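None of the figures in this text is laboratory data; all of them are computed from the coordinates on show. All figures in this text were calculated on a predicted structure; none of them were measured in a lab. Positions of Cβ are generated from backbone atoms using ideal geometry, with glycine treated the same way; all protein chains shown enter the neighbour counts.
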Amino acid sequence: MTISDKTAEAATSRSTAPNGSAAGARASRRRIGFGFNKFSGLYLWAIVIVFFAIRLPQTFGTTQNFKIMAGDQAITAMVALALILPVAAGVFDLSVAANVGFCVCVVTRLQMHGMSAPIAILMTLFAGALVGVVNGFVVVRLEVDSFIATLGMSSILAAGAYWITGGQQLVGGVSQKFLNLGQNTLWGISYPFYYMLVLSLVLYIIVEHTPVGRYLFAVGGNMQAARLTGLRVDRVRAGALICSSALAGLVGVILAASLGSASQDVGPPYLLAAFSAVFLGTTQIRPGRANVVGTLIAVYLLATGVKGLQLSGAPVWVNGLFNGVALIFAVALAARGARRQRASNAAA
Amino acid sequence: MQKSMKLTCVGVALATALTACGGTATAGKSSAKADPAKLADAKTLVASSLKNPDSIGITNPLSKTPTAGKTIIVVGTPSPVAELKDIAFADAIKKFGWTSKRLVVGAGPEDEAKTISQAVALKPDAILFSGAAPSTLAKPLAEAKAAGIPVLAETVTEAKSGPIFDASIDGPVFEQYAGKLMADYVAVKSGPNTNVAVVNLPVFNVLTIYTKAFTKELSSVCPSCKVTKLDQQLSDVGTNTPSSVVSALQRDPSIKWVIYSVGDLSTGVDTAVKAAGIKVSVGGGGANAANLAALKAGTEQAWTGLSTPILGYRDADMMARYFNGDPLTPGGDALLLPTQIMTPATIGGVALTSAGNYLGDAGYEQQFEKLWGLS
């Protein structure tokens, strides 16, 4: 069973339960569809926004606050976006966050050694992609489960980041032009937000409107069936891992420019937030499959809730609690919507 | 539809409940007037602390140069500060003709104890560890005691016990002093009714001591000042902490200072605060190289430093006293390490390491060598 299968099953479990006639009777009474199976996150997001805007009109319900939220989540959103391709192809990339941290260290260290920013960026992107090549080789050729392979790679990258930094924080030696890439703002929102928008658009087109996207979901949905139809399954899976790693390299460059310093532990904390967003995203817009819009909704839904709680003065542990509650809540709504849809279809 | 509505209501109720949980603790007193005597003391301390330290802080020489041939295992915490300190320690004991081996502790909760057990198995002449609470290391410390291996604990908040022959270096007294220094600086610099956000990592007891000392001193010197606590989790550093600090500043625009109990907590915050269009003064304890670079750039305002090279040498000094059989009281300000308040105006004259970290007293090696009978 693939990741997509599991997610779809989570969203639609119990949908084939007996009692179809009763469900059909209920369905016939309901004529208005609210799309909870696809848009529960959007509803929840709207509720959260309205709730906090009423409760905190001076701080939460301001244009400035929405600009801050937009910029704050750009890195997390891009890490989550990087995960979409491998998740769609039915493989995990647990090394993506460690790769981000590794690339932060690489791009900073290279510039500290006197390399120009453009060359350092190119070499870092290459290094990031190289990690994906190794991941792909281990998963496809050595047939190691992607969960294990990328977990191991994550540990290797953490060691690499420690080696590059010597365990120290790397400061200075980076040009102001490089820092501007991550720290300047446009219309009051930091640059990384716009990089995230561009990345989202590109990924959206690839995933939803090109054969590559269809291949990814075909492989992720049923690898054997995809192979029987003539798809080069191994190439698709390896390619997805290489792309996610290359994107991690890009995010690492942007994060380095944003922070202005590097240390070996900056990447890994993004892993859980990114995976949460992708899995929550699979319950939105295109239920049962990883998708760009759903992932962005998930990132900003969680961020909006956390921001509201922070502005309310909630203690720090409430952030994690909110993320967990929101994830379960949105998935529960989506699962309920999917069950009702199936019941309605069965009745028809 | 009714069930969906119920679910939605449950969600809103949960969100309401979560926000109701909230409220970071605040300290401070209304509009009480400051005690002029306390304020005068604070001004005096600040004025003297803006100068560079000119001594390593201890004065008693060793009774003899240590005998060569000892092997020390350093149980190394995988943090930048700890590694710098351990490098300095290794450098210092080389002067005695001793050797050291560093065993790096992993990230797991049991790893500190396992690493000390591993150190005991290597049968060294002594073990050095830092940061971890000795009370959580009962088993490996019992092993060390049974093996007759003395242990030096540094940067801990508990008293010595079992095989630990000293636990005073970089302990609570230094953190309390550093917290007091910064509180005095804020009170003197910003005057009454100053609102301060203090960002802390409560997982480290020693940092909480800093935070409490800061809060206590500020409320003493400036009763009208207010402190807002912003406790963070270790995984928040560099990820959620910037957003958390920005939210606190949005929530309370009267906050004029953000004080960090340790410099690493400030990672990524300056950029987030700048992007939010907020202006605030920044400072704290345990400045890292990025904080000192920010002082030079004028984007942060006041930090105290912890000199890791001197800390490493102090550990070596204490080891030497133990093996010499000398009193473990090195004289001077033994419970303190050299430190100072650094500002954009003074940072140019502060002694830093080649990597840009705080050094404090550039002549520290010569001073230690003199105490050790090596020069």
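Put simply, when B:296-306, B:113-123, A:99-109, B:260-270 are sorted by average Cβ atoms within 10 angstrom per residue, most first, you get A:99-109, B:260-270, B:296-306, B:113-123. Could you pull out every residue, at least 5 positions away or on a different chain, whose amide H is within less than 5 Å of the one on B:VAL227? Hs are placed 1.01 Å off N in the peptide plane, and Pro or chain starts have none. Counting only residues 5 or more places away or on other chains, the set is B:ALA27, B:GLY28, B:VAL196. Here each label is just a point 7 Å from Cα along the line to Cβ, and for A:GLN224 and A:HIS113 those points are 4.9 nm apart.
Exposure proxy check: A:LEU302, A:LEU197 ranked by fewest other beta carbons within 10 Å? The partial results should precede the final answer.
On the way: A:LEU302 26, A:LEU197 15.
Going from sparsest to densest Cβ surroundings: A:LEU197, A:LEU302.
Which ordering of A:LEU179, B:LEU234, B:LEU152 is given by a fewest-first count of other beta-carbon atoms within 10 Å? Display every interim value, and only then the final one.
Values: A:LEU179 17, B:LEU234 13, B:LEU152 26.
Ordered by Cβ neighbours within 10 Å, fewest first: B:LEU234, A:LEU179, B:LEU152.
Sorting B:178-191, B:159-172 by average packing, meaning the other beta carbons within 10 Å per residue, from highest down gives B:178-191, B:159-172. Averaged over the residues of B:240-253, the number of partner chain Cβ atoms lying within 10 Å of the residue Cβ comes to 6.
Electrostatic tally near B:VAL282: other residues with Cβ closer than 12 Å to its Cβ, Lys and Arg +1, Asp and Glu -1, net +1. Shielding by partners for peptide A:221-231, expressed as the average number of C-beta atoms from other protein chains within 10 Å of each residue's C-beta, is 0.
Taking all C-alpha pairs of region A:31-156, those more than 22 Å from each other amount to 58 percent. Computed from backbone phi, the HN-Hα couplings of region B:324-340 come to 6, x, 7, x, 8, 10, x, x, x, 8, 4, 8, 10, 10, x, 8, 6 Hz, rounded to whole numbers (Karplus: 6.51 cos²θ - 1.76 cosθ + 1.60, θ = phi - 60°; Gly and Pro given as x). Global size of region A:265-307: 10.7, 34 Å for Rg and Dmax (C-alpha atoms, Rg to one decimal, Dmax whole). Toward the positive end of the charge dipole of region B:200-299, about the Cα centre and with charges on Cβ (Lys, Arg +1; Asp, Glu -1), which of B:SER254, B:ALA213, B:THR299 goes farthest? Farthest towards the positive pole: B:SER254.
Note on region A:181-307: Cα-Cα pairs beyond 26 Å make up 30% of the total pair count. From largest to smallest, the equivalent ellipsoid semi-axes obtained for chain B from the alpha-carbon gyration tensor read 39, 27, 18 Å. The ranking of B:VAL258, B:VAL105, A:VAL50, A:VAL251 from fewest to most other beta carbons within 10 Å of each one's beta carbon is A:VAL50, B:VAL105, B:VAL258, A:VAL251. Computed about the Cα centre, the dipole magnitude for the protein assembly as shown is approximately 2980 debye when only Lys and Arg (+1) and Asp and Glu (-1) carry charge, each at its Cβ.
Note on A:PHE147 and B:LYS43: the model spin-label points, each 7 Å out from Cα along the C-beta direction, lie 6.7 nm apart.
When Rg and the Kirkwood Rh are both derived from Cα coordinates, the Rg/Rh ratio for region B:175-284 amounts to 0.94.
Counting only other chains, what is the mean number of Cβ atoms within 10 angstrom of the Cβ of each residue in peptide A:124-132?
Working: counts 0, 0, 0, 0, 0, 0, 0, 0, 0.
Neighbouring Cβ atoms belonging to other protein chains average 0 per residue here.
Ordering A:304-313, A:220-229, B:53-62 by mean Cβ neighbour count within 10 Å, with the highest value first, yields A:304-313, B:53-62, A:220-229.
Counting residues in region B:93-199 as N, plug N into 2.2 N^0.38 Å and put the Cα Rg over that result. Show your work: numbers first, answer last.
Working: Rg = 18.4 Å, N = 107, 2.2 N^0.38 = 13.0 Å.
Ratio of Rg to 2.2 N^0.38 Å for region B:93-199: 1.42.
What Kirkwood radius, in Å to one decimal, follows from the Cα pairs of the protein assembly as shown? 27.8 Å is the Kirkwood radius here.
What translational D, rounded to a whole number of µm²/s, comes out for region A:263-348 from Stokes-Einstein when the hydrodynamic radius is the Kirkwood one over Cα pairs, at 4 °C and 1.567 mPa s? Intermediate results must be reported in sequence, preceding the final value.
Values: Rh = 14.2 Å.
This corresponds to a translational diffusion coefficient of 91 µm²/s.
Stretched out straight at 0.36 nm per residue, the stretch from B:LEU335 to B:SER254 would grow longer than its current Cα-Cα span by 25.5 nm.
Near A:GLY132: Cβ cut-off under 15 Å, other residues only, Lys/Arg at +1 and Asp/Glu at -1. The net charge is +1.
When both bridge partners sit in chain B, DSSP labels roughly 15% of those beta bridges antiparallel.
Note on region B:263-375: semi-axes of the ellipsoid equivalent to its C-alpha gyration tensor, largest first and rounded to whole Å, are 35, 13, 11. Each semi-axis of the equivalent ellipsoid for region B:237-326 is √(5λ) with λ an eigenvalue of the Cα gyration tensor; in descending order they amount to 36, 12, 11 Å. What distance in nm separates the two pseudo spin-label positions at B:SER235 and A:LYS177, each 7 Å out from Cα along the beta-carbon direction? Going by the 7 Å Cα→Cβ label model, 4.0 nm.
When the dipole is taken about the Cα centre of region A:49-189, and only Lys, Arg (+1) and Asp, Glu (-1) are charged at their Cβ, what size is it in debye, to the nearest 20?
Numbers: 5 positive and 4 negative charges, 79 e Å.
Charge dipole, region A:49-189, about its Cα centre: 380 debye, nearest 20.
With only the Cα atoms considered, region B:32-154 has a convex hull volume of 195 Å³ per residue.
In the protein assembly as shown, what % of DSSP beta bridges are antiparallel (nearest 5)? Intermediate values should be presented prior to the final figure.
Values: 10 of 43 bridges.
Rounded to the nearest five, the antiparallel share is 25 percent.
Net length available on complete extension from B:SER117 to B:LYS274 is 51.8 nm, with 0.36 nm assigned per residue and the Cα-Cα distance removed. FRET efficiency for the A:VAL50 to B:THR59 pair, using the beta carbon distance and R₀ = 60 Å, is estimated at 0.35.
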